[in-house]
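Just below is one structure, and these are the notes that go with it.
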Amino acid sequence: MNKIINLTKTLTKNLFRQPDIVFFTLIFPSLLLMFFIYVFGGLYEAESNIQVTVGVVYQEELNGFTEQIFDNVFSEFKKNMSSSKIEILDSGENIEQIIKDGDYDIIIEFPANINNLNLKMMTGLSEVDKIKFYHSPNSQSILSRDIMSSVFEQINLMINAQGKDIDLVTQYKNISTENDDFDYNQFIFPGIIVMSIFTVSIFNLPIAYVSDIETKIIKRIKSTPVKGYQYFLSLLISNLFILLLSFIIIYVVGYYNGIENIFNINFMMLIIYYLICGISFGLLIASFFKKIASVSVFTNIIYFLTIFLSGLYFPVKDVPWAIRWFVYFNPGTYMVDGLRNFLDNNMIDLNQIVIPLIWAILGVTIFSVSYRRLIKDE
């Protein structure tokens, strides 16, 4: 055990002496996560604050001063927000279903006694039911609700400016939909986790292993009391240690930006499972090379394809068939989708468990044969 500990310390120190490994394993994934969150995440949060689609339902036809107020306000709204639109809907339509269909960002329903506002303006005795705002939880709908709330606040100010203490009361009704919102932070976090796993498993581990073969370090180890499995465990632990530090930094960034469910024990167990599968995939690559130049070129190509075609940056299920085959064989595709499904509280598909496991079994089997042969030959 002491031999493994001492060798692990030595290999870990050697890793930290290499600036490129420290940067791309520890720092780069977190920087990339922050970049995506603060640049692209902001775009999705803002969505489009230019165009607002409003549906209006009148339970009774407006007349008198009430009609004049809302006609003027809505006309001014359309003038100031030219790309937005306000449409009158039939009072018999199913408002909640319309919101679920996504045809309108918000629907405003005026009550059947809205014209009592005319009497209330004159006598202050009549009452008006609440005006209802129907919206979904997605960011565009929430934005529309806030804009229209500001509009109705202006209406109250207009009425109060005439010496009438009459406040129109609005009521919000949140309608859940199948796709309530797209949270880019939740979308990108699993991809960065998988990228960190592959940075170590495809880059660091195979290159370090092949480097020790080419520089005859493994051969020299045979002349020491250190056994072959002790060297391998030390190499593995040293790489896992630097990956753990990378995870900690990524988690700090994720927690600071309010990404949900990342501390769920089942989610973390799923990360560990994918970590094992990813390391096995890296060992599979390491099994076929004995020269640094060759493994460096190959790992660069495989890393690029594995990450780029895993769905980390964009959906990849509809890419041309010329490259779609790689998407289906790529373990990263299923790892990213599995983590995303968990964060979105969706069921994890069986293939998101089985296919990474197949790669893991294949990698461990081939590497075990290759490593035994290497130790024997050396």
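Within 15 Å, Cβ to Cβ, of ASN113, how many net charges do the neighbouring residues add up to if Lys/Arg are +1 and Asp/Glu are -1?
Working: positive: LYS120, LYS130, LYS132; negative: GLU60, GLU61, GLU67, GLU109, GLU127, ASP129.
Surrounding charge for ASN113 is -3.
Using 1/(1 + (r/R0)^6) with R0 = 30 angstrom and r between the beta carbons of SER149 and THR123, what's the FRET efficiency to the nearest 0.05? Numbers along the way, then the final one.
On the way: r = 28 Å, r/R0 = 0.92.
The calculated FRET efficiency here is 0.60.
Please work out how much accessible surface VAL210 shows to a 1.4 Å probe, ignoring ligands, DNA and RNA, in Å² rounded to 10.
Taking all protein chains as shown, VAL210 has close to 0 Å².
Mind giving me the nanometre distance, one decimal, between the label points for LYS227 and PHE329, set 7 Å out from Cα along Cα→Cβ?
Going by the 7 Å Cα→Cβ label model, 3.7 nm.
Can you give the FRET efficiency to the nearest 0.05 for GLN18 and VAL252, using r as the Cβ-Cβ distance and R₀ = 25 Å? Walk me through the numbers on the way to the answer.
On the way: r = 23 Å, r/R0 = 0.94.
The calculated FRET efficiency here is 0.60.
In nm, what is the difference between 0.36 nm times the number of residues separating LEU245 and GLU260 and their Cα-Cα distance? Could the numbers behind the result be given before it?
Details: separation 15, 0.36 × 15 = 5.40 nm, distance 2.05 nm.
3.3 nm is the gain from fully extending LEU245 to GLU260.
According to a simple spin-label model (label point 7 Å from Cα along Cα-to-Cβ), what is the distance in nm between ALA112 and ASN72?
3.0 nm
So, R0 is 56 Å and r is the distance between the beta-carbons of ASN300 and ILE88; what FRET efficiency does that work out to, to 0.05?
Numbers: r = 60 Å, r/R0 = 1.07.
That pair, ASN300 with ILE88, gives E of 0.40.
The values are calculated or read from the model by the stated rules, or taken from the named source; none is laboratory data. For clarity, every value in this text was computed on a predicted model and none was experimentally measured. In this analysis, Cβ positions are derived from the backbone assuming ideal geometry, glycine residues included, and neighbour counts consider all displayed protein chains. The accessibility values were calculated without ligands, DNA or RNA, using every heavy atom of the protein model including side chains. Shrake-Rupley method; radii C 1.70, N 1.55, O 1.52, S 1.80 Å.
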